[in-house]
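One structure below.
The values are calculated or read from the model by the stated rules, or taken from the named source; none is laboratory data. What you see is a predicted model, and the numbers here were worked out from it, not measured in a lab. Note: ideal-geometry Cβ built from the backbone for every residue, glycine included; neighbour counts use all protein chains shown.
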Amino acid sequence: MDTLEELNRRGFVEESIDPTLDLFDEIEKLKKEKNAIVLAHYYQEPDIQDIADYIGDSLGLSQEAAKTEADVIVFAGVHFMAETAKILSPEKTVLLPDVKAGCSLADSCPPHLFKKFKEKYPDHLVITYVNCTAELKAMSDIVCTSTNAVQIVESLPKEQKIIFGPDKNLGAWVAKKTGRDLVLWNGACMVHEIFSREKITKLKERHPNAKFIAHPECEEAVLQMADYIGSTTGLLNYSVKSDAMEFIVATESGIIHQMEKANPGKTFIPAPPNNNCACNDCPYMKRNTLEKLYLCLKNGTPEVTVPADIIAAARKPIERMLEISASFGL
Ligand code: SF4
């Protein structure tokens, strides 16, 4: 049977919090006391984005994790992101507010099956989207994000054969943009596959001046309708630069908080899913709360660890990504 200490370490014990505490103040105090930094993904709830030292997408968060001087990184995101931070900063303690914050896309590519898939294409180079497990990264030649995937493929000689995984939609978009023939793993993100082309068409009719902007993890049928396709940061930047006053946004709805902050007076409408649920909220990202973030900083748990051999093997393809990104000024 697990001891209380073990359950606590794995983040399974819920602790009550004094309701009179101002969690924003308490988190700031704990950050100083523990020399900790909070890195938050754009898909986190607004309170977490507002308390974070750095908010970004996967590329920006990886760059930040590689250079921080902090002793403790609290990663307000999902498990594979915390693993990436640990791979880049193995000497630091990396905490994840909710240890069950996983990812449907990472889960769609079990490492043992990917290993067999890779064996079928021995002369292919493996590029994996950062949204995968550390074990998968360790089997890769280069990691990429949605910000740099096109440039990473273009940086390779034309005759180089490539496997791209785990996201088939991002892979198909990159293949189209680069004119390259990529061998795709059949994985997908449940949040980005949920958007309804029919409902978006109707919404566009009601908002004829709205720009429809989409993340490349969406399906091809949805991407065909888009005025702009880009990474989460790309979508945010486009919303700032565009003269349009209304936007229909096909990605996880958390990014709308930063879009509204950066664009007072502009309107952002989440693209509708193909049913009536709030399925464009990532259920994994939204497992993290301000309360859990406070408790994880206070208790130093749940901690994300990665075996030393996986760190050594996964670090190379991530560093290669960071080098190629830097050479493109990304
Ligand atoms: S939005 Fe999709 S890819 Fe991102 S963490 Fe959630 S399930 Fe994974």
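If you go through the range 74-81 one residue at a time, do you hit one that is within 16 Å of the ligand (Cβ to nearest atom), aliphatic (A, V, I, L, M) and within 28 Å of Ile163 (Cα to Cα)?
Yes, that holds for at least one residue.
Somewhere in the range 15-29, is a residue under 19 Å from Pro302 (Cα atoms), of a type in the set (A, V, I, L, M) and assigned to a helix (DSSP H, G or I)?
The answer is yes, given that some residue of the range 15-29 is under 19 Å from Pro302 (Cα atoms), of a type in the set (A, V, I, L, M) and assigned to a helix (DSSP H, G or I).
Would you call Val240 within 16 Å of the ligand (Cβ to nearest atom), modelled with pLDDT of 95 or more and touching a helix residue (DSSP H, G or I) at 6+ places or on another chain (Cβ under 9 Å)?
The answer is no for Val240.
Name the single residue, out of those in the range 131-152 being assigned to a helix (DSSP H, G or I) and buried (at least 23 other Cβ atoms within 10 Å of the Cβ), that is farthest from the ligand (Cβ to nearest atom).
Ile152
Against the conditions (1) surrounded by fewer than 20 Cβ atoms within 10 Å (Cβ to Cβ); (2) of a type outside the set (Phe, Trp, Tyr); (3) within 21 Å of the chain's Cα centre (by Cα); (4) assigned by TED's automatic domain parsing to the domain that holds Glu217, where does Ile255 fall short? Just the number, please.
Among (1) surrounded by fewer than 20 Cβ atoms within 10 Å (Cβ to Cβ); (2) of a type outside the set (Phe, Trp, Tyr); (3) within 21 Å of the chain's Cα centre (by Cα); (4) assigned by TED's automatic domain parsing to the domain that holds Glu217, the lone unmet condition for Ile255 is (1).
Quick check: anything in the range 95-104 aliphatic (A, V, I, L, M), in contact (Cβ under 8 Å) with a residue 40 or more places away in the chain, away from the ligand (no atom under 16 Å from the Cβ) and closer than 28 Å to Tyr54 by Cβ?
yes
Collect the residues in the range 243-284 that are more than 15 Å from the ligand (Cβ to nearest atom) and hydrophobic (A, V, I, L, M, F, W, C), keeping them in residue-number order.
Correct list: Ala244, Met245, Phe247, Ile248, Met259, Ala262, Phe268, Ile269.
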